[in-house]
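Notes to accompany the following structure.
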Amino acid sequence: MTNGKKIIRADETGQNSRANPYPGDVRVYGDAGQLARAAAELFVNTAADSIEARGRFWVALSGGTTPRRLYKLLATSAFSSRVDWGRICIFWGDERYVAVDDPDSNYRMTDEALLQHVPIPFMNVYRVPTEIDPAQAAAAYEHEIRHCFRVFDSVPQFDLIYLGLGTNGHTASLFPRSPAMKETSRLVLADFVAEVSSWWITMSTSLLNRGRTVAFLITGQEKADVLREVLLGPRDPARLPAQLIAPEGALLWMVDEAAAGMLSRSEERRSA
Ligand code: 6PG
């Protein structure tokens, strides 16, 4: 990745391995723009590799505000022209239970920033059907995922999953102390999140941790404290659900300097 100063792997440092044997590589970028460019390169390169290997690229996008810059970048010809959009299947790791045209909809944000501007077939975009009851929406989304992958008796494997990190340690829509974190059989869940008094639909940890590559995109000084707690603090997933993310494949923490502000300089090492 361009200019991502590599913080040594969490399991290579005494401090991490003692306090928090947490897997994954932390890569620090000068600012949110450089991070977005690296995340866009990751998308393009992972898509090319996946299509070459398996004829398809299955990706789960994150919501919120951070990834918007990435999606707008992917929509530019510099990146869009390098993607075989006809072989890509787009899902979302989570969705707010709001109408598809609601300003809070992750689908709407992605549609405006990316999907309207690239030649991806409509049938390759799998949005969460929030026009039906939350539990039915979760079940229907799980059905869509299984049928898209044609995997019915094990956990489908996304090629790339982007995630964000909330200041309270949530990721996707796995919120602190949520029973959704304990789910072991379902792939997609509907959860009423008291903290924000609304329903959210989220992929489960089983599905998220099956990912070949899982990349957190984290920017801003307001995330510095929680990022340090998640990476270097005691293991406490009930309070910090992001600590549950330990995929079979690669785990990347793509952060900007502001979000990395609480990771001590001694842990940073310029990438080779
Ligand atoms: C959502 C996301 C959520 C998000 C974090 C960070 O639907 O909001 O999936 O998990 O990634 O809350 O959000 P920001 O990028 O807005 O800080």
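Brief remarks on what is shown
- Per residue, the convex hull spanned by the alpha carbons of the stretch 161-272 comes to 103 Å³.
- Antiparallel beta bridges, as assigned by DSSP with both residues in the stretch 91-239, represent about 75 percent of the total such bridges.
- The mean sequence separation of alpha-carbon pairs under 8 Å and at least six residues apart, normalised by the residue count of the stretch 114-272, gives a relative contact order of 23 percent.
- Remark on the stretch 96-236: Rg and Dmax equal 15.6, 45 Å (Cα only).
- Charged-residue dipole, Cβ positions (Lys, Arg, Asp, Glu), the stretch 40-127 about Cα centre, Debye nearest 20: 160 debye
- Extreme residue, positive dipole direction of the stretch 114-258, given options 157, 238, 215 (C-beta unit charges): 157
- Sorted by Cβ neighbour density within 10 Å, fewest at the top, the residues 72, 223: 72, 223
- Kyte-Doolittle mean at least -1.0, axial Cα span of 24 Å or more - DSSP H helices of the chain: 32-54
- Residue with peak Gaussian network fluctuation, the chain [Cα springs, cutoff 10 Å], from 243, 221, 116: 116
- Lys, Arg +1 and Asp, Glu -1 on Cβ, resulting dipole of the stretch 124-272 about Cα centre, debye, nearest 20: 360 debye
- Charge tally around residue 49: other residues with Cβ under 11 Å, Lys/Arg +1 each, Asp/Glu -1 each, net 0.
- The alpha carbon centroids of the stretch 186-259 and the stretch 81-148 are separated by 20 Å.
- The alpha-carbon positions of the chain define a convex hull whose volume is 122 Å³ per residue.
- The chain - charge dipole about Cα centre, Lys and Arg +1 at Cβ, Asp and Glu -1, debye rounded to 20: 700 debye
- Summarising the strand pairing of the chain, around 40 percent of its internal DSSP beta bridges are antiparallel.
- Note on the chain: GNM, Cα springs under 10 Å; of 133, 111, 159, the largest mean-square fluctuation is that of 133.
Only the coordinates and a few stated rules stand behind these numbers; no lab work does. All values reported here derive from a predicted model rather than from experimental measurement. Neighbour counts are summed over all protein chains in view; Cβ atoms, including those assigned to glycine, are modelled from backbone coordinates with ideal geometry.
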